[in-house]
């Protein structure tokens, strides 16, 4: 993989610091997860869309990847930010949506290794500075809709001057301006009209963000288990949003009363990436959000009727304080039946290394890997995995998936500067596992929004199929279950997005199970 | 940090009375007052403080009786009665005062009372007489205050001087004397007013300027203290003034200005534990934690247990998420300074963050016993209780915290969470709205 992410060396403008999503999806339906890495322009190259080259790598299945970008026609989405995937038209082939500064792109999968840019026809360009994205059938009409978060209003011809002004300084040294001090911008919800066209309904649906906060990572998930997808949006330097689906095409913003807007002390954090998972096997989905340095990453435990910030109690907060967190995921990396956590990091100011750092780490930052102890607390264990995790990098996007179908979850990280990382999981003593691929009926063939529950011995596990994960990224949508010593799942139940269920019993471990909705 | 009080300035002043009229003593109703004042001043000049004190009190009796009569003839019955009451209380002489009170009370309202001793004073001369009495009273109280100050009884001195200032705020030296007495009584918050007024009268009085600066420092008006000390001509040569200036800058979050001040202090006056503490605090404020830790550790090397060094280290470790180290440092500070409630509060934060809520609550109970109006501690107590599921009790403490610090957005957030847990959604929403408004205000508008 020869991909190089581009960014100006000094990052004098905020638009040069935020890019780098990565998507893991099987674009050619060969059963192997492929990789799409998003690249970005710089202020200097802004007028040359070909100066940045995003890349699609086909998984050849022998540990190697082939650059198929040019043939696929997905190299130049402009000033790329992130990506999410879904089979938008229900034809059984994964399509690709890329967010960007200056207009997003929907690449339709033409089933032959090529994609067509159908953005204009679909009405999904968005515009402005788009960041996070994710598909979900929020109105349960059987068609996938799309939410796009947006960040800051920028005019490339009139950018705020580096180091000029109160919000362009960090402890006395000149840095890029923003997001504080810059105007924010609204978010977008595109309703799928069913005829290949989408209509923007954000304001009508109540998710447009009239306060113009700085939107980044997003997560669709049904937090209250009423069968309707709700939405969480991580906002930078401002309170985050939790939108409750009111089942009538509208949402109610409840982040404050639900306890997921700000830190436990009311701090407005620099929210970046979001992960959703049932880390305590309680049957409820909790939220993990990465934040800026000298804050801490937030773990909001889902209590059923409320969320509680358990970041310090879970022992994930203190170790995260020095880092600017971005991509993140719940993953059971050792297949012990408990969801662990990962966060990839990297500061936004290259000037950081010359600054008085306070409690912050330098510009290049290591990753954080938390092993779940099973009692509500985690141990930070990155050092056990050597330089792959402890090397200082400027990471942004992170996606999790099983790239070699061996039942152990691998990681792909898109860095702001330079080459990405593909971290192959070679843990020798990992437990048994199951990988579950769902095929939904109707327009939502990925079964986005489906919940899979597995019971194996004493383990009671739950996974959600999501489009749009982590920081501007897309995880492998196949759901992975670590089973520890259990050699089979006693039961495997799928709650499909339309409310129907499928139940299997006595499913042998260590296999990929494909379940088609009837 | 406690500051050594400045030495009291000389406080002996003449009565500065208005020149007395050359009038027929038989017709002058203030003759007894004048005599008492002259005798008191004579005793004062002779250094006979007890005699002077006794004679000034006699003068006060005469003065208040005469003032009562003046008020009465002008028809101000309430003021007259109050003056006679003061005559009774200041001198122990009650007979004449009681008789005068009785006469005033017996007189028919609203007809003015005719005071026998004022019969020879034409109405046109009464204002001048009133001025003489006011001046005499102010002078008597002023000098009684000075006598108390000379006995190092500054609180009592301040009470007497406050009365002098109340009678005549513009009386010569009264603001100065009151300010100095209050300063020495360590009533810094009250001292700043009279000292400011005195400095306005005597802008070149360097000692007064320094006293006011120290008073501002002690009342946490750090910018005002720094402004006065910045302009002090003797600061560069005086280690204590330079230290005070640096302290004002650090406490006023102006660490970048403080650091060179401390560097010059170190260069000219050598290393000291206290200086390293302040330097460490200045480095920490500026975000240079490595240098801060170095200075603070140096301070502890020079003087193990020096105040605030371990506390500052603890706060740095807390900010860095190094919780066990923070706990050790904060405990070390509390060992030497067990009454440091701020450090105890920080330790409670560390304990809570380490998942030890019961220990945090126990410590906070002690803190709140010592300082019930400590808003941060009240907040943390409520927050920990809320996390423990005691929403009702938590709400009570958070409500108290919000009363103590109504503009603290984070308290409002936590109180909203408590109401939410109690099912009081509307009350919770109100608190969240206040939270948002306070945050918006802080950042000067929207996002």
- Note on the structure: Note to self: C-alpha centroids of the range B:181-199 and the range A:256-310 sit apart, in Å, by 51
- Task: Scale the Cα Rg of chain A by the rule-of-thumb value 2.2 N^0.38 Å and send over the ratio, two decimals.
- Result: 0.88
- Simple label model, 7 Å out from Cα along Cβ direction - residue A:373 to residue A:156, nm: 5.0
- Item | Contour excess over end-to-end distance, with Cα ends at residue A:197 and residue A:384 and 0.36 nm allotted per residue | 62.4 nm
- Note on the structure: The FRET efficiency for residue B:223 and residue A:169, from their Cβ-Cβ distance with R0 = 30 Å and rounded to 0.05, is 0.90
- So how do A:427-433, A:336-342, B:203-209 stack up, highest first, on mean other-Cβ count within 10 Å? A:336-342, A:427-433, B:203-209
- Ranked list, fewest to most other Cβ atoms within 10 Å of each Cβ, for A:367, A:516: A:516, A:367
- For the range B:25-186, max minus min Cα coordinate along each principal axis, in Å, sorted largest first? 49, 31, 29
- Using Cα centres only, tell me the gap between the range A:439-469 and the range A:15-49 in whole Å. 26
- Query: How well do other chains shield peptide A:256-269, expressed as the mean number of their Cβ atoms within 10 Å of each residue Cβ?
  - Reply: 6
- Query: Rounded to the nearest 500, what is the protein assembly as shown's calculated 222 nm mean residue ellipticity when only DSSP H runs of at least 4 contribute -39500 (n - 2.57) each, over all residues?
  - Reply: -11000 deg cm²/dmol
- Task: Mind jotting down the distance between the C-alpha centroids of the range A:325-354 and the range B:331-380, whole Å?
- Result: 33
- Query: By count of other Cβ within 10 Å, fewest leading, how are B:441, B:421 ordered?
  - Reply: B:441, B:421
- Item | Debye-sum result for the protein assembly as shown in log10 I(q)/I(0), which assumes one identical scatterer on each alpha carbon, at q = 0.06, 0.08, 0.09, 0.10 Å⁻¹ | -0.57, -0.81, -0.95, -1.10
- Message: Relative to 2.2 N^0.38 Å, what does the C-alpha radius of gyration of the range A:54-153 come to as a ratio? Two decimals please.
- Response: 1.10
- Note on the structure: Expected unfolding gain across residue B:268-residue B:239 under the 0.36 nm per residue rule, minus the alpha-carbon gap, is 9.6 nm
- Of all C-alpha pairs within chain B, those more than 40 angstrom apart amount in percent to 44
- Message: Please compute, for peptide B:434-440, the average count of beta-carbon atoms on other protein chains lying within 10 Å of each residue's beta-carbon.
- Response: 3
- What is the distance, in nm, between label points placed 7 Å from the Cα along the Cα-to-Cβ direction at residue A:405 and at residue A:500? 2.6
- Task: Within 10 Å, count the other beta carbons around each residue, average over each peptide in A:144-152, B:72-80, and list them highest first.
- Result: A:144-152, B:72-80
- By count of other Cβ within 10 Å, fewest leading, how are A:326, B:216 ordered? B:216, A:326
- Message: Assuming 0.36 nm per residue, please report the length gained on full extension of the stretch residue A:246 to residue A:518 beyond their Cα-Cα distance.
- Response: 95.2 nm
- Item | For the range B:373-447, fraction of C-alpha pairs farther apart than 18 Å, in % | 35
- For peptide B:413-421, the mean count of other chain Cβ atoms within 10 Å per residue Cβ is 4
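Every number in this text was worked out from the coordinates using simple rules, so none of it is lab data. In this text the structure is predicted, and so the values were computed from the model without any measurement. Quick reminder, even Gly has a Cβ in these numbers, built from the backbone with ideal geometry, and neighbours come from all protein chains shown.
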